[in-house]
1. Need the C-alpha centroid separation for region 25-91 versus region 175-240, integer Å.
2. Whole Å is fine, so just give me how far the alpha carbon centre of region 349-385 lies from that of region 107-136.
3. Expressed as a fraction of 2.2 N^0.38 Å, the rule-of-thumb size for a compact globular protein of N residues, what is the C-alpha radius of gyration of region 424-468?
4. Which ordering of TRP145, TRP157, TRP28 is given by a fewest-first count of other beta-carbon atoms within 10 Å?
5. From the Cα trace of region 183-233, what convex hull volume per residue do you get, rounded to a whole Å³?
6. Cα axis of helix 478-492 to longest principal axis of the chain: angle in degrees, 0 to 90, nearest 10?
7. Quick one: of LYS492/LYS563; LYS324/LYS439; LYS324/LYS437, which pairs are farther than 32 Å apart, Cα to Cα?
8. Name the residue farthest towards the positive end of the dipole of the chain from the options PHE276, VAL498, ILE538, assuming +1 on Cβ of Lys and Arg, -1 on Cβ of Asp and Glu, about the Cα centre.
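Every number in this text was worked out from the coordinates using simple rules, so none of it is lab data. What you see is a predicted model, and the numbers here were worked out from it, not measured in a lab. Cβ: placed from backbone, ideal geometry, glycine included. Neighbour counts: every protein chain shown.
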Amino acid sequence: MLRLIKEFRKKDFIMIFICVLLILFQVWLDLKLPDYMSEITRLVQTEGTKISEVLKQGAYMLSCALGSLLSAFLVGYLVSYVSATFSKRTRKTLFEKVQSFSMERMKYFRTSSLITRTTNDITNIQMFIAMGLQMLIKAPITAVWAIFKIFGKGWQWSLATLIAVVILLIIIVILMVTVLPRFKIVQKLIDRINGVTRENLNGIRVIRAFNSEKYQENKFEGVNNDLTKTQTFNQKVMSVMSPSMYLIMNFLTLSIYVIGMSLINGAGMFDRLTIFSNMVVFSSYAMQVLMSFLMLAMIFIMYPRASVSASRITEVLNVDETIKDGNFLGDTKTYGEIEFKNVSFKYPDANEYVLKNISFKAKKGDTLAIIGSTGSGKSTIVNLIMRFYDVTEGEILIDGVNVKDYKLEALHEKLGYIPQRAVMFDGSVNYNIGYGKNKVSKKEITDAAVIAQANDFILKMPNKYESNVAAGGTNISGGQKQRIAIARAIAKNPEIFVFDDSFSALDYKTDYELRKELKKNLKEATSIIVAQRVGTIINADNIVVLDKGKVVGIGSHKDLLKKCKVYKEIALSQLSRKELENE
């Protein structure tokens, strides 16, 4: 919770200070009401009292009530503003922190859990600040002030009030001990229900294809029932609070009047009016004391849930980032050059290396392809280029500078990344293609789409380039998604293109035409192509062949057919000898 206090600004603390002053004023007004009530009681019981005197005290009471109402309104507004802006800033900080995570750190948290932490957990803290801040300030002030007000009015009434407070606290402690462990479970259950829901939505096609709707329904129902049972238990237990509170308050009021009746009966004629007046005042103050302790109890009930949520948010904010931002802004003499120098890599906490002693170099305008069997480390090389992970040994140079020295923004500005799984954002085709660049003209978008072989199918869409693409690209095919993703990278106009098996969903004709257009229009740019198909990389300037994380061959297609056994096996598994001879 202390970590989140940093999200408060100077303005927030000023507002909180104003709230404290307003609450003090409100408590003073609330505690003045019984005094005026006592005075009215005395005046009514005194012979010769003028009605104007009673009305005057009534006007004072009304003024106090209106002043208290106005103060409560202002406090509510200020506290709501503080809690809402705090929530806004915390959510933004959390989002930016998650955005900065490396691939290694992303594995620490499930996506469903991060969603819950960004929404439900922050809402819990916002509610605690909005309600707790008022109670935390008002309750102790009211309790102490009211106790001083009733001090010396009668030990019998004080004892009755003390007994009522003790009973109330015992009930609250029992409720807290019963419910608090389950409050901690609720947030994890919300994570689980988010995870199952997300799994169902992402895998809807597979679920339907395998007729697994009933299985998924049962799976969701199981998690949903766990959450419902826990929440229902919590609500049932907490529902005891309200009737218990009213019962104690009514019994306390009854006790005060019974004690007062006894005191009045045993008092002299002249003391009875004073005792009656004190009884009326004490009854009102006793309710104030009881309500103050109840408000404090509500804070103790709200705090554990908010504390759990704060711990979950702090857990994300306190994660040490493994990928440190460099200082180099990318102003280099060379252009489009990339080199691996004795690069080795193993995943955190792993014993075996995924890549071992990898070395190769691509100069400006070169097309360098990487091929190998599944699990040979092809996509890992891409992750290292993009600095999603850092190398374990060796170094990667871009334009002669170690990637670790680059400011991440400057590094990514030099690279045009097309991932293995094309990512589409909810928006128009124009928006998706122009996503990688701050300012991009319509001509640049159209030219990029033409090179990426996407223009034809875009023009057939209802609104052409203004047609909507659903989040995840669910309303277009896999090949169309890949071509839009490639167009996005082309529109960015980077020094180096990184294609991570980005042609897999394309037919051979489209693949061929696209690569021909890339070669024709992007002569200045360097291309790194990770591929499974030999046909995709057959015309590359250099081909790096990987096997079990090691380089087993580097050269052109024809050279590798002669010298590299692994490459020849891959080629023969996809093309016939006659086709290879004709290439």
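1. 46
2. 41
3. Details: Rg = 9.8 Å, N = 45, 2.2 N^0.38 = 9.3 Å.
Here the Cα radius of gyration is 1.04 times the empirical estimate.
4. Details: TRP145 18, TRP157 22, TRP28 15.
If I rank by nearby Cβ atoms, fewest first, I get TRP28, TRP145, TRP157.
5. Numbers: hull volume 2.6 nm³, N = 51.
Per-residue hull volume (Cα only) is 51 Å³.
6. 90
7. Working: LYS492/LYS563 38 Å; LYS324/LYS439 28 Å; LYS324/LYS437 24 Å.
The answer is LYS492/LYS563.
8. Of the listed residues, the answer is ILE538.
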